[in-house]
1. Please specify each residue of the range 83-100 satisfying the condition of being surrounded by 15 or more Cβ atoms within 10 Å (Cβ to Cβ) and not in a loop (DSSP other than H, G, I, E, B).
2. Inspect the range 20-34 for any residue being within 12 Å of the chain's Cα centre (by Cα) and either part of a loop (DSSP other than H, G, I, E, B) or modelled with pLDDT under 95 (or both) and give the result as yes or no.
3. Six or more apart or on different chains, Cβ atoms under 6 Å: show the pairs whose first residue is in the range 53-68 and over 20 Å from residue 42 (Cα atoms) and whose second is modelled with pLDDT of 85 or more and in a loop (DSSP other than H, G, I, E, B).
4. Are any of the residues in the range 48-66 in contact with a strand residue (DSSP E or B) (Cβ under 9 Å, 6 or more places away or on another chain), at pLDDT below 95, part of a helix (DSSP H, G or I) and crowded, with 16+ Cβ neighbours inside 10 Å?
5. With respect to residue 78, is the statement that it is in a helix (DSSP H, G or I) and over 16 Å from residue 116 (Cβ atoms) true?
6. Please work out which one of (1) at positive phi; (2) modelled with pLDDT of 95 or more is the condition residue 80 fails and give its number.
7. Looking at this structure, is residue 43 surrounded by fewer than 19 Cβ atoms within 10 Å (Cβ to Cβ), out of contact with any helix residue (DSSP H, G or I) (no Cβ under 9 Å at 6 or more places or on another chain) and touching a residue at least 40 places away in the same chain (Cβ under 8 Å)?
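The values are calculated or read from the model by the stated rules, or taken from the named source; none is laboratory data. What you see is a predicted model, and the numbers here were worked out from it, not measured in a lab. Cβ atoms come from the backbone with ideal geometry, glycine included; neighbour counts cover every protein chain shown.
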């Protein structure tokens with residue numbers, strides 16, 4: 001198994017724990033639609049939150065959140081539209097990014113960016 005996959009799974013586990021401790025209810029994990037995968041889908045205050053988790057072992061090429069580009073946002077929006085349709089959700093929705101950065105000592109920082117983007121083709 002590739003190391004980056006292990007790092008990604010570790011990041012998703014950290015993000016899930018963080019959100020649960022902050023009072024979010026995790027309603028789905030690794031939900032796929034077409035070519036998109038939504039890492040975490042949370043619920044809080046009648047809002048569905050679609051969470052993209054980006055984990056990196058360094059920031060030499062940019063911060064983790066910089067890797068949620070327009071193409072990724074469009075894919076996430078399409079998947080979110082389908083999820084909202086299937087769940088018949090009538091409330092609010094938003095897209096968050098959780099950026100996790102590990103250093104060489106395996107310590108990490110976690111940044112939760114609420115309402116990180118709103119794709120024009122979405123909801």
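1. We begin by selecting, within the range 83-100, every residue surrounded by 15 or more Cβ atoms within 10 Å (Cβ to Cβ); these are 83-84, 89, 93-100.
Answer for the range 83-100, where residues must be surrounded by 15 or more Cβ atoms within 10 Å (Cβ to Cβ) and not in a loop (DSSP other than H, G, I, E, B): 83, 84, 93, 94, 95, 96, 97, 98, 99, 100.
2. As a first pass, look at the range 20-34 and keep what is within 12 Å of the chain's Cα centre (by Cα): 26, 28-31.
Then keep just the ones that are either part of a loop (DSSP other than H, G, I, E, B) or modelled with pLDDT under 95 (or both); that gives none.
No, there is no match, as no residue in the range 20-34 is within 12 Å of the chain's Cα centre (by Cα) and either part of a loop (DSSP other than H, G, I, E, B) or modelled with pLDDT under 95 (or both).
3. If the second residue must be modelled with pLDDT of 85 or more and in a loop (DSSP other than H, G, I, E, B), no pairs are left.
4. Yes, some residue in the range 48-66 is in contact with a strand residue (DSSP E or B) (Cβ under 9 Å, 6 or more places away or on another chain), at pLDDT below 95, part of a helix (DSSP H, G or I) and crowded, with 16+ Cβ neighbours inside 10 Å.
5. Working: in a helix (DSSP H, G or I): yes; over 16 Å from residue 116 (Cβ atoms): yes.
So residue 78 passes the test.
6. Failing condition for residue 80: (1).
7. Working: surrounded by fewer than 19 Cβ atoms within 10 Å (Cβ to Cβ): yes; out of contact with any helix residue (DSSP H, G or I) (no Cβ under 9 Å at 6 or more places or on another chain): yes; touching a residue at least 40 places away in the same chain (Cβ under 8 Å): no.
So residue 43 does not fit the description; no.
For (1) out of contact with any helix residue (DSSP H, G or I) (no Cβ under 9 Å at 6 or more places or on another chain); (2) within 18 Å of residue 16 (Cα to Cα), each residue gets a yes or a no:
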site: 58; (1), (2): yes, no
site: 66; (1), (2): yes, no
site: 70; (1), (2): yes, no
site: 82; (1), (2): yes, no
site: 87; (1), (2): yes, no
site: 91; (1), (2): yes, no
site: 99; (1), (2): no, yes
site: 107; (1), (2): yes, yes
site: 118; (1), (2): no, no
